[in-house]
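*Asks:* Okay, here's the structure, questions in a sec.
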Amino acid sequence: MKGKSDRGALNRMALDPDSTQRLPKSQAKFEDAIRDIWQEVLGIEGIRPTDNFLELGGDCLRAVQVGFRFNEKFDVEIPIAMLLGMACLSEIARELATQHSGQGGL
């Protein structure tokens, strides 16, 4: 495919709940950490990379709790607006990994 992206393959990877194995290491670590904290704060199991914080029952108060716990564990801040405004867990992890790629990450 000479320099072109296979968009179908990229979309399938994004929708695959097991796709963390193919993610950059820093993004996979952020995704795992965020998932664990969401499960604690929201009291639910089985959160997938495509899940949305608000659709899972998250709200402003829980977003503050997630941000606080993440900062406490990893000394990395998750802006509350990011939790409330981004579509899914994998997008938040990707953004955090991008922002912190030069800072040592997790």
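The values are calculated or read from the model by the stated rules, or taken from the named source; none is laboratory data. No experiment lies behind these values; they were computed from the predicted model shown. Note: ideal-geometry Cβ built from the backbone for every residue, glycine included; neighbour counts use all protein chains shown.
*Asks:* In the stretch 38-55, what residues are part of a helix (DSSP H, G or I) and either polar (S, T, N, Q) or surrounded by 19 or more Cβ atoms within 10 Å (Cβ to Cβ) (or both)? First the steps, then the outcome.
*Replies:* Here is the first cut: in the stretch 38-55, the residues part of a helix (DSSP H, G or I) are 38-42.
Within the stretch 38-55, Trp38, Gln39, Val41 qualify.
*Asks:* Right, something else. Gly85 versus (1) modelled with pLDDT of 90 or more; (2) small (Gly, Ala, Ser); (3) exposed (fewer than 14 other Cβ atoms within 10 Å of the Cβ): which is the lone unmet condition?
*Replies:* (1)
*Asks:* Related question: Is it the case that some residue within the stretch 53-72 is of a type in the set (Lys, Arg) and at pLDDT below 90?
*Replies:* No: the stretch 53-72 contains no residue that is of a type in the set (Lys, Arg) and at pLDDT below 90.
*Asks:* For the stretch 56-76, what are the residues that are in a loop (DSSP other than H, G, I, E, B) and more than 17 Å from Ala28 (Cα to Cα)?
*Replies:* Within the stretch 56-76, Leu56, Gly57, Gly58, Asp59, Asp75 meet the criteria.
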